[in-house]
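Structure record follows, encoded as structure tokens.
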Amino acid sequence: MITTETPNWGLMPAAVITQLKKREWDNLPRLKARLKNERAFPIVISLKPPKTGNELLNHTLHFHEFVQAWRNFAFADMVQWQHNSFRHFSEQTLPITLTIPNIQALSEILGASARQQLKDWQKKLSYLHTEIAKGMTMSSANSTNKIADSWHENLFFALIDMLEVVDNLSADDLKLLVALIPQLKKGMGAGLYLRALPVCYVDTKFIETYHKLIETLLEAFYPGQIKEQGLAYWLGCLDKPKGWLMVRPLCPDTRYALSGLPILRLPIHVLHSQALPAKHILVVENEQSCLALSETENTIAVAGGGKNINWMNAGWLQKKTVAYWGDIDSEGLMILSRAREYCPKLTAIMMDDQTIKQFINRMVDEPDSINHEPTHLTHDELTLFTELRRGIYGFKRLEQERLPSEYIKQALEKWLDKPTPYSS
């Protein structure tokens, strides 16, 4: 019985091309594997010809369309045909498979866009491989940094691995990359930040922007030396400053000691190693609260670290009178606990039940983000932590920004009068 339903055999050229594009061209990991011969050509696609005479009998129109479509296929030399005999039918010649021998043939089948893309890739890859190879060969001849014997294949594979990045490079970027790679030597950036690297013609923002590409290409010449610890480490460059903290002197003397600057920012590693010129150091969780502080004798405030308070194990800080002020909630008390772990003699200010009770109408709720008890709180602080988690005050958070300036001023004066460790 003849039926109009589409059978599950007999793939048409359009369906095969759609499948190829999705599985082979748009699937970048597989495409790269093809280009590197890790997934070898040819690609063989079964065209799912009919297997029985009944299949032909029930779908004769589809069968004729199927055979005719592949006879008219533009790349007929890639189609394999086979003679089959079926019951009730004379011998039939059927398209069996489509065999694609190489990447060029794949791009031809997929159409103009794929052909142009492959042409662009080949032009860029050829240019980079030739010019970088030339520069590295000359550089190695005049350097103690000898390159690997297998660099030709390594470089090709590296370029394929970074194909999507290479594809987006402009003509000017390609020239910068070619000029840069031979200049880079192990340890050449010792004592310098990456942006200060002494290279000619190439701007160092380019290095920062394309550091993964540069790492991958250099690894082709110096296998096992770069990727694991990164380009900056191999070059010997200093780590880029991160974790910037606000430093605010709170009296004329401390401002004078900091060249008259009313406020500045320092990266954590600098603050860890460089003592601040004040007897009293006030660590504040929130920058806005730090900006609201009034004049305080012989005191410098440090703010903006949030959870990042590792710098507080600095040796110089242990010789100062230190206070910590943060939000009164489970997270703020957890940060206080970590701060005290690093700086055991610090005093917590405005983080007690007295402050809670006085400003309870300003409390808000807090998500349950802390799943374990802090280990370096005083008995009273741990009790407060437990009470907040249980919700006995109604809400669970009193943000430090909600405290009035006169209350903050009084708390700071009390701290300076009695800088006793572990007092609140």
Once you charge only the Cβ atoms, +1 for Lys and Arg and -1 for Asp and Glu, what is the size of the charge dipole of region 117-200 about its Cα centre, to the nearest 20 debye? 340 debye
I want the local charge near Lys320. Using Cβ-Cβ distances under 13 Å, sum +1 for each Lys or Arg and -1 for each Asp or Glu among the other residues. +3
Can you pull a Stokes-Einstein diffusion coefficient for region 36-195 at 10 °C (1.306 mPa s), Rh from Kirkwood over Cα pairs, as a whole number of µm²/s? 78 µm²/s
Gyration tensor over alpha-carbon atoms, region 233-377, equivalent ellipsoid semi-axes in Å: 26, 20, 14
If you build a Gaussian network model of the chain, linking Cα atoms that sit under 10 Å apart, which residue out of Asp173, Asp380, Asp329 swings the most? Asp380
Dipole axis of region 13-110 (+1 Lys, Arg; -1 Asp, Glu on Cβ), positive-most option in Gln80, Ala40, Pro95: Ala40
So which residue, out of Leu276, Leu217, Leu61, gets the largest mean-square fluctuation from a GNM of the chain using Cα contacts under 10 Å as springs? Leu61
When N counts the residues of the chain, how does its alpha-carbon radius of gyration compare numerically with 2.2 N^0.38 Å, as a ratio? 1.60
Determine which aspartates and glutamates satisfy two conditions relative to Lys205: a Cα distance under 17 Å, and not lying fewer than 8 residues away in the same chain. Asp172, Asp173, Glu215, Asp239
Estimated vicinal HN-Hα couplings, Hz - region 266-278 in sequence order (Karplus 6.51, -1.76, 1.60; Gly, Pro = x): 10, x, 4, 5, 6, 5, 5, 9, 10, 5, 8, x, 8
For Leu245, other-chain or 5+-apart residues with amide H closer than 5 Å (H placed, Pro excluded) are Leu266, Ile268
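DSSP beta bridges in the chain, what fraction antiparallel, as a percent rounded to 5?
Values: 19 of 32 bridges.
In the chain, approximately 60 percent of DSSP beta bridges are antiparallel ones.
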Run the reach check for Lys240 against aspartates and glutamates, Cα to Cα strictly under 15 Å, same-chain hits fewer than 8 apart removed. What comes back? Glu208
For the pairs Lys345/Lys396; Lys357/Lys409; Lys124/Lys175; Lys242/Lys345; Lys36/Lys119, note any where the Cα-Cα span goes beyond 20 Å. Lys345/Lys396; Lys242/Lys345
Could you give the Stokes-Einstein D for region 112-235 in µm² per second, using the C-alpha Kirkwood radius, 37 °C, 0.692 mPa s? 221 µm²/s
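Using only helices, what value at 222 nm comes out for the chain when you add -39,500 (n - 2.57) per DSSP H run of length 4 or more and divide by the total residues, to the nearest 500 deg cm²/dmol?
-12500 deg cm²/dmol, from helical runs alone.
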Aspartates and glutamates with Cα under 12 Å of Lys279, excluding same-chain neighbours fewer than 8 positions away: Asp253, Glu297
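The numbers here are math on the coordinates, done by the rules we state, and not lab data. Please read all numbers here as calculations on a predicted model, not as lab measurements. Quick reminder, even Gly has a Cβ in these numbers, built from the backbone with ideal geometry, and neighbours come from all protein chains shown.
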